[in-house]
Each structure stands twice: as structure tokens, then as C-alpha cells.
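Note sheet for the following structure.
The values are calculated or read from the model by the stated rules, or taken from the named source; none is laboratory data. None of these values were measured; they are calculated from a predicted model. Cβ sites come from the backbone with ideal geometry, for glycine too, and all protein chains shown count toward neighbours. Areas reflect the complete protein model, heavy atoms only, side chains present, ligands, DNA and RNA absent. Shrake-Rupley method; radii C 1.70, N 1.55, O 1.52, S 1.80 Å.
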Amino acid sequence: MLKKEVAELINRQINREFYSSYFYLDIANFYENKSLKGFANWFRVQAQEERDHALLFVDYMHNSSETVHLYAIDAPNQTFPDFKEPLLATFAHEQFVTGSINEIYAEAMKQNDFRTQQFLNWFVNEQGEEEKNTQEIIDRYDLFGYDAKSLYLLDAELAARIYAPPTLTL
Ligand code: FEO
């Protein structure tokens, strides 16, 4: 069993990870409609990873004999004026998720819950990776994205991203 405060934050996180999956699927749909299929692919894979994150938290709750509460998932309802805006929204969203993971970590520390801290370490690293990857795409967009031929090549590069299941297993 987990401390009530920790379990509540993990249930909230499950909802946030599923929302992240929606958020990125929404962005994938935006790029798909603009025929930037490489960008769409990258975000589609990202959406799959977010669903995996949610399920890892679900599994952790089960392994801790806790009850999973699935809350309603908000509609993303995003509109983007240009191709760069979704990238900026992604970076801001990942910073929000990092803060959310850190809140669980802080609560686990407060409760002397070392097992949850150990579980969360993977997510702490993952958030660092996701922020770095997003920043790299923004940097590359700034360098190449405003030229049609270069944008085509960048799109082709993002088309190469392949889904891989998470390295953490429970
Ligand atoms: Fe599951 Fe992108 O954080």
C-alpha cells in the first residue's frame, strides 16, 4: 500500500499521461492535415509513449495493491497558427509534466516512501530526455524550418522515428 497522498498524486498522473497522449495525437493530426507526415509520425509515436507512461503508473498502483481511478480526459482543442507553434506547446507541456513528476517525488520523499522514489527515477530521466529532444527539434526548426526544401528534409528525418516500448518494466 502507498500513503494516501502519494496514491492520489499517482492517480492524477495517470490522467495527465493519458491527456499527454491525446495532446500529442492532436498535434499529429494537425501535421497530418498539413501533409507533414514526418512530423505527424513523430507525434504519433510520442502519443504511444505517453500511453505507455500512463500504463506504467497503472501497473505500479496494482503492484502496490492500490485502486486505480480513471478520470475524464480533457479534449486538447488546440489550434496552431503555424508549424512551429506545436513544437513550442510541446516543450511547455513537457515542462509541466516534469513539474508534475517532481511533485510526486517530493511527496514520496516527505512520506519516506523510498520505493516510489526509486520507481520515479526512470520518469525523472525520461522527462530530461523529452525536454532535450523537443528543444533539439525547435532548434532545428529555427535553423531549417523556414525554407521549403529544408523543411521537406526535416520532415523526412522525423518520419524515421520508430516506436519502441519503454525500457522500464514492472
Ligand atoms: Fe509522459 Fe512526455 O511525459
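So here's what we get for this one:
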quantity: Selection from region 1-35 of residues that are in a helix (DSSP H, G or I), of a type in the set (D, E, K, R) and either without any contact (Cβ under 8 Å) to a residue 12 or more places away in the chain or more than 22 Å from Val124 (Cα to Cα) (or both); calculated: Lys4, Glu8, Asp26, Glu32
quantity: Considering residues of region 96-111 that are within 25 Å of Ile138 (Cβ to Cβ) and out of contact with any helix residue (DSSP H, G or I) (no Cβ under 7 Å at 6 or more places or on another chain) only, the residue least open to solvent (accessible area, probe 1.4 Å); calculated: Gly99
quantity: Single match in Phe23, Phe30, Phe43 (criterion: in contact with a helix residue (DSSP H, G or I) (Cβ under 7 Å, 6 or more places away or on another chain), open to solvent by 10 Å² or more (accessible area, probe 1.4 Å) and within 18 Å of Asp155 (Cβ to Cβ)); calculated: Phe30
quantity: The listed residue being closer than 30 Å to Arg140 by Cα, in contact with a helix residue (DSSP H, G or I) (Cβ under 8 Å, 6 or more places away or on another chain) and at pLDDT 95 or above, out of Ala75, Ala92; calculated: Ala75
quantity: Extreme residue, farthest from Ile27 (Cα to Cα), among residues of region 65-87 that are under 14 Å from the mean Cα position of the chain (by Cα) and assigned to a helix (DSSP H, G or I); calculated: Leu87
quantity: Selection within region 1-18 - within 20 Å of Glu49 (Cα to Cα) and either surrounded by fewer than 20 Cβ atoms within 10 Å (Cβ to Cβ) or in contact with a Cys (Cβ under 6 Å, 6 or more places away or on another chain) (or both); calculated: Asn11, Arg12, Asn15
quantity: Sole exception among (1) more than 16 Å from the ligand (Cβ to nearest atom); (2) in contact (Cβ under 8 Å) with a residue 24 or more places away in the chain; (3) assigned to a helix (DSSP H, G or I); (4) over 20 Å from Lys132 (Cβ atoms) for His62, by number; calculated: (2)
quantity: Number of the condition not met by Glu130 [criteria: (1) more than 30 Å from Val6 (Cβ to Cβ); (2) surrounded by 14 or more Cβ atoms within 10 Å (Cβ to Cβ); (3) out of contact with any Lys or Arg (no Cβ under 9 Å at 6 or more places or on another chain)]; calculated: (1)
quantity: Tally, over region 79-118, of residues that are away from the ligand (no atom under 16 Å from the Cβ) and closer than 25 Å to Asp155 by Cβ; calculated: 7
quantity: Of all residues in region 153-170 being among the aliphatic types (A, V, I, L, M) and under 20 Å from Trp122 (Cβ atoms), the one that is most open to solvent (accessible area, probe 1.4 Å); calculated: Leu170
quantity: Subset tally (residues that are more than 26 Å from Gly128 (Cβ to Cβ), charged (D, E, K, R) and surrounded by 12 or more Cβ atoms within 10 Å (Cβ to Cβ)) for region 65-95; calculated: 1
quantity: Hits in region 37-59 - residues which are touching a Phe, Trp or Tyr at 6+ places or on another chain (Cβ under 6 Å) and either away from the ligand (no atom under 14 Å from the Cβ) or hydrophobic (A, V, I, L, M, F, W, C) (or both); calculated: Phe39, Ala40, Phe43, Val45, Ala47, Ala54
quantity: Residue check for Asp139: surrounded by fewer than 13 Cβ atoms within 10 Å (Cβ to Cβ) and in a loop (DSSP other than H, G, I, E, B); calculated: no
